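Bear in mind that the values in this text are calculations on the coordinates, not laboratory data. Note that the structure is predicted; figures quoted are calculated from it, not measured. Neighbour counts run over all protein chains shown; Cβ positions are idealised from the backbone, glycine included.
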Amino acid sequence: MAELKLVDIKKSYGAAKILHGIDLDIADGEFVVFVGPSGCGKSTLLRIIAGLEHVSEGEILIDGHSVVGVPASDRGLAMVFQSYALYPHMSVFKNMAFALENMGLGRQEIDQRVRRAAQMLQLTDYLDRKPKALSGGQRQRVAIGRAIVRDPKIFLFDEPLSNLDAELRVATRKELAALHGQIGGTMIYVTHDQVEAMTLADRIVVLRAGRIEQIGTPLDVYNRPANLFVAGFIGSPRMNLLPGRVVGPDAIRIGNEPHMIAMPLPEGLHVDDEITLGVRPEHMDVTARDDADLAITLDLVEHLGGETYLYGSTPGLAQITVKQDGQTAYQRGTRLRLHFRRDAFHLFDVAGRALRAN
Amino acid sequence: MGTTLSRILTSRRRAGRWHWTDVAAYTYLCIGVILMFGPVAWLALSSFKTQAGLLEFPPTLLPLAQKEVVVDGYPQPLPLFAATLEDGTTRHLAQVRRIGIVAQMVDPSDPSQQFRVPIERRIPVREFSLATSNYTEPLQRFAFMRFLGNSVFVTVVATLITLLINSMAAYALSIYEFRGKNTAMVLVIGTLMIPITIILVPVYLVVTEFGLVNSLWAVILPGAATPTGVFLLRQYMLTLPPDLIEAARMDKASEWQIYWRIVMPLTLPALAVLAIFSIMWRWNEFLWPLAVLTKTEVYTLQIGLNAFQGELQTQWHFLLAMTMVTLIPVAIVFVFLQRFITTGIANTGMK
C-alpha cells in the first residue's frame, strides 16, 4: 500500500507528444480509474507508473520517493494486463509463484501465499492446470491472483476486462470492487469503458489527448462535467449538446429554433455570446403543455423493456436522444415536444468550459 | 495408423473417381519418391554386395552371391552353375576346377559323374545373400567406433552451444530495443552470403593460432554461431507477446530469468527445428573437419569414410556400408523430430 504522486509527467516518442504534463495525487488505498478514448495516453501513463516506459520529463513519487530511475522490477508494483499475459508453459500455481520465487521467498511461504490468493479467487481447483485449459474469466482471475500474491504497493490494471464477454465483465467488475474492499490496496485502473469507471472508481481521471480533462468522484464528474469533452464522454447514452446563442437576460435560442428558451443563466454572459446547452437524455420530458422547449420528429425508437430511448431530429441540430422510463407507444415519425428540466442542464462557453450558475 | 496411411495413399479429388489431376499428382509424387528415395535404396542394397558383386556389369538390383554346395570328396564348397550339356539338357553342376576355357564339373548329387563344359556354356546359379562382413569388418578392423564417438561428441556439443548462443543473440535482437539493432541483424544475415570456402583459410589460421588443430573443438567452435539459427529464433521470438516479457519484468524477474524461464520454454518449437538443422549440418560436415583434423584418432565419421577412398583403390563395399551407418542417426533424428520440423518451420516463417 502506498500513495503516488505524479508531477508534470511528459512523454514523447520522437516528435510525437503523448502526454503533456500530468499532475496527479493518489492517496493510499484509493481506487483511481483513468478513462478516456483510445489514444488519449491513459495506457502510456499507466506503463510509465509501472516503469515499462521511460518518462521524458517529470517526477514519479511513491511514498515520497522518486522512482523515475528505478526499473519496473524494483518498484514493487503489480500489473494486470489486458491480454492477462499468463505464462503459457506454467501451471496456475507456477504463474502465481513466479514473482514470489524471484523475490527469494521460501517454498513454504510461497505455497501459503499462493493458496490464500487462490482461495480468495476460487482458483484452488485449478492450480495444476495450464492457462490454456482455463476459461476467459478464470484466466483473468489468475492474472489478478498473480498481482495479489505479491502484496504490491500499488495494483495497476490495464483494461483488464475488455477481453471478457458482457456478462462475465459485469461479474468480474463486481468481484474487483469486492476485492478492493477486502484487501484495500491502492489501485489504478485504466479503461475506455465509462461504466467500469463509474462503478469501480473512488475517483475518475478523464484524459484526452495527453491531458487531464477532469478529476473527481464518479458522481461529481457526471453531475458537474468540467467541459464539453467530459460532458460528452461520461454518461450513456451521451449528453445532448445543442449549440445556441444568448438572446437576452436568462434567455437563449438553440440552433435555428424560432423561439427563445427561458432559463437561468450564470453571470458574465452577454447577449449574442455563443454557448452550448447540454441536457442528458434522462433530463428531458415529453410534454403536451405549452412549456415545450423543442419539437422533434422521431427517427428511431429503442425499446429496452425497462426504459425506452427515443432518437429524434429537428432541422439545424444533431440527433437528440431522450430517455423515457418504462415503455412507450411512440413510433417512428411521431412528433414530440420536449421540455428541459431546469434543475439539471449544463452550459458551456465558446471554448467548451462549463459555466455554472453559482 | 494403417488406415490413415491407406487413406492418404488412395485419396482422390472426388471419392471413387479418377480425375486427370489425380493421375498427374500421383505420377509426380512417384517420380519424386523415386528421385529422392531411389539413390538411398540403391545405396542400402549395394552396401550388402560383395566387392566382386559391386563391380559386376550389368549390375544387379539385389545383393546376390553365387550359390555354393558341399560335394562329397571335396574339402571346399564348390560354386554351382547351370550348365548346358552337349545333348542340350541343362543341369545344375558344381565346378571342381577350371582349365583354360573348359570347366571340369561334377554333379553334386552324384559326385562320380564328371563333365567337361566350355565356360561360355555355364551360368552361375546365384542366390540372395547379404555380405554382412561389409559392416562387421570395418567396425572391427578400423577405428570406426572411435570415429562414431568423435562425430557424436562434435554433433551433440556443437548443437548445444549453437542453441545456447544463437538463442541469446536472438533474444537480444528480438526483445530489446537499442540503437543499431537492425544493422546488427543485417550484418548477421549478411554473413549468410559468405561461403565457407572464402573464410576457410583465415579461420584455419585463427584456429592454428589457438593451437586447436587436431582437436575436436576446432570443428565445434568456429561454426557455433550460425546466422540461420539466429534469424530463425529471432523470427520466432518476435511472435511472443511483449506483454509476457513485461509481465515477467513486473514479477521481478531478472533478464536472465526472463530469457531462461520465459522465452526459452516458449521458443521450444523453433529450438527443435534449429537442433535438427544443427545435427544434420554437424553430422554431415566434411570440408572443415577435413582441413583441421589430420590425425586418425580425431577423425569424424565423414573424414573416416573418406579414408576408404585411396588414391589407387577404393574399398567400395566398406565405403557404402559405412555410409549407411552414418545415415542412421540422422534418419532417427528425423523420424522422431519431424513433427517439430513441419510445425516449427511453419511458425518461424521459414518457408
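Using a 7 Å offset from the Cα along the Cα-to-Cβ direction at both B:I34 and B:H92, what is the distance between the two label points in nm, to one decimal?
Computed distance between label sites B:I34 and B:H92 equals 3.4 nm.
Calculate how many DSSP beta bridges within the stretch A:4-232 are antiparallel, expressed in % of all such bridges and rounded to the nearest 5. If you can, show how the numbers build up before the last one.
On the way: 20 of 38 bridges.
Bridges in the stretch A:4-232 that DSSP calls antiparallel: roughly 55 percent.
Please check: in the Gaussian network model of chain B (C-alpha springs, under 10 Å), which one of B:V201, B:V292, B:V70 has the largest mean-square fluctuation.
Among B:V201, B:V292, B:V70, the largest GNM mean-square fluctuation belongs to B:V70.
For chain B, what relative contact order do you get, as a whole percent, if you take Cα pairs closer than 8 Å and at least 6 residues apart?
18 percent
Under 5 Å between amide hydrogens, which residues at least 5 positions from A:I22 or on another chain qualify, with H placed 1.01 Å from N in the peptide plane?
A:D8, A:I9, A:K10
When you look at the Cβ of every residue in B:256-267, what mean number of other chain Cβ atoms sits within 10 Å? Please report the intermediate quantities before stating the final value.
Working: counts 0, 4, 2, 0, 0, 7, 5, 0, 1, 4, 3, 0.
So the per-residue partner count for this stretch is 2.
For peptide B:144-154, compute the average count of partner chain beta-carbon atoms within 10 Å of each residue's beta-carbon.
Rounded to a whole number, the mean comes out at 0.
Kirkwood Rh over Cα pairs of chain B into Stokes-Einstein at 10 °C, 1.306 mPa s: D in µm²/s?
62 µm²/s
Can you spot the lysines whose alpha carbon is less than 19 Å from A:K130's alpha carbon? Ignore those fewer than 8 places along the same chain.
Correct list for A:K130: A:K94.
In peptide A:66-73, what is the residue-averaged number of other protein chain Cβ atoms found within 10 Å of each Cβ?
2
Using helices alone, what [θ] at 222 nm do you get for chain B, with -39,500 (n - 2.57) per DSSP H run of 4 or more residues, divided over all residues and rounded to the nearest 500?
Values: 14 runs with 195 residues, N = 351.
Result for chain B, helices only: -18000 deg cm²/dmol.
Could you give me the ³J(HN,Hα) list for the stretch A:121-134, computed from phi with Karplus coefficients 6.51, -1.76, 1.60 and θ = phi - 60°, whole Hz, x at Gly and Pro?
Working through the residues one at a time gives 9, 6, 10, 4, 6, 10, 4, 8, 7, 7, x, 4, 8, 10 Hz.
Pull up all non-local amide H partners of A:L105: gap of 5 or more, or a different chain, and H-to-H distance under 5 Å with H placed in the peptide plane.
none
Please report the orientation-averaged projected area of the stretch A:231-305, defined via the convex hull of its C-alpha atoms, in nm².
6.5 nm²
Please state, to two decimals, what the Cα-based radius of gyration of the stretch A:261-358 comes to when divided by 2.2 N^0.38 Å (N = residues).
Rounded to two decimals, the normalised Rg is 1.17.
So if I take the alpha carbon set of the protein assembly as shown, get Rg, then get Rh from the Kirkwood formula, what is the Rg over Rh ratio?
Rounded to two decimals, Rg/Rh equals 1.23.
For the stretch A:307-312, in order, what is each residue's ³J(HN,Hα) by Karplus, 6.51 cos²θ - 1.76 cosθ + 1.60 with θ = phi - 60°, in whole Hz (x at glycine and Pro)?
8, 10, 9, 10, 10, x
Mean residue ellipticity at 222 nm from the helices of chain A, using -39,500 (n - 2.57) per DSSP H segment of n ≥ 4 over the full residue count, to the nearest 500 deg cm²/dmol?
It lands at -7000 deg cm²/dmol.
Going by amide H atoms built from the backbone, whose H comes under 5 Å of the H on A:N240, apart from near neighbours?
A:V279, A:R280
What percent of all Cα-Cα pairs in the stretch A:178-299 falls into each 10 Å bin, going from 0 up to the bin containing the maximum distance?
11, 33, 28, 18, 7, 2
For the stretch A:79-196, what are Rg and Dmax over the alpha carbons, in angstrom?
Rg then Dmax for the stretch A:79-196, in Å: 13.5, 42.
Label 7 Å along Cα→Cβ of B:R121; the stretch B:65-86 residues with amide nitrogen under 14 Å?
So the set is B:82-86.
How far apart, in nm, are two points set 7 Å out from the Cα along the Cα-to-Cβ line at B:L287 and at B:V186?
It is 2.7 nm.
Between A:D165 and B:F57, what is the spin-label point distance in nm, taking each point 7 Å from the Cα along the Cα→C-beta axis?
Going from the A:D165 label point to the B:F57 one covers 7.7 nm.
Evaluate the Debye formula for chain A with equal point scatterers sitting on the alpha carbons, no solvent, and hand back log10 of I(q)/I(0) at q = 0.10, 0.11, 0.14 Å⁻¹, in q order, two decimals.
The Debye formula, applied to the Cα set alone, gives -0.74, -0.84, -1.12.
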